[in-house]
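Before any comments, here is the structure.
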């Protein structure tokens, strides 16, 4: 199975270095100098990593095939992917493809919506839940809120703060505020 580990961002400097939007919990294992990494689209790679560094909270990489800013800019948006057998997955960790389509339920079993994505963020990931009306809710993917994930049972239990989902009633700045 091919797994997304990073998306190439903007060029950094003039010598072909790029910023990476890291999508893996173990970047020190995935981005090792000398490693060749596949790309999506495949025509952009594979790319061989020359160097990786962290700077002000960002991750930057230089690839053997990219020597200037113009070539680096042409890679913006290219995905870096790896082959994985999923057997080394840690407990309470899920890949996005395992979450897509799960029924999102509150602790009482009422349907909140359907899991439609996972958005990586610096502090914690956000679980994207599409409500029956089509509104997408961003749920902090932390154990205190997403209390249970059961891929085999095709459900995720979400103990959301009041007001996060539409079924909780009007929200501040919503319909009630417009009528005032």
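Please treat every number below as a calculation from the coordinates, not as lab data. Keep in mind that this is a model prediction, so the values were computed, not measured. In this analysis, Cβ positions are derived from the backbone assuming ideal geometry, glycine residues included, and neighbour counts consider all displayed protein chains.
Scanning the range 53-65 for residues that are out of contact with any helix residue (DSSP H, G or I) (no Cβ under 8 Å at 6 or more places or on another chain) and in a strand (DSSP E or B) gives 53, 54, 55, 58, 60, 61, 62, 63. Note on the range 12-45: residues that are in a strand (DSSP E or B) and more than 21 Å from the chain's Cα centre (by Cα) amount to 3. What tally of residues in the range 120-139 results from selecting those that are free of Cβ contacts under 8 Å to residues at least 60 places away in the same chain and either out of contact with any strand residue (DSSP E or B) (no Cβ under 6 Å at 6 or more places or on another chain) or more than 20 Å from residue 24 (Cβ to Cβ) (or both)? Of the residues in that region, 13 qualify. Taking the criterion of being under 15 Å from residue 21 (Cβ atoms) and surrounded by 16 or more Cβ atoms within 10 Å (Cβ to Cβ), the residues of the range 48-73 that qualify are 52, 59, 60, 61, 72.
Of all residues in the range 23-41, at least one satisfies being touching a strand residue (DSSP E or B) at 6+ places or on another chain (Cβ under 9 Å) and touching a residue at least 60 places away in the same chain (Cβ under 8 Å).
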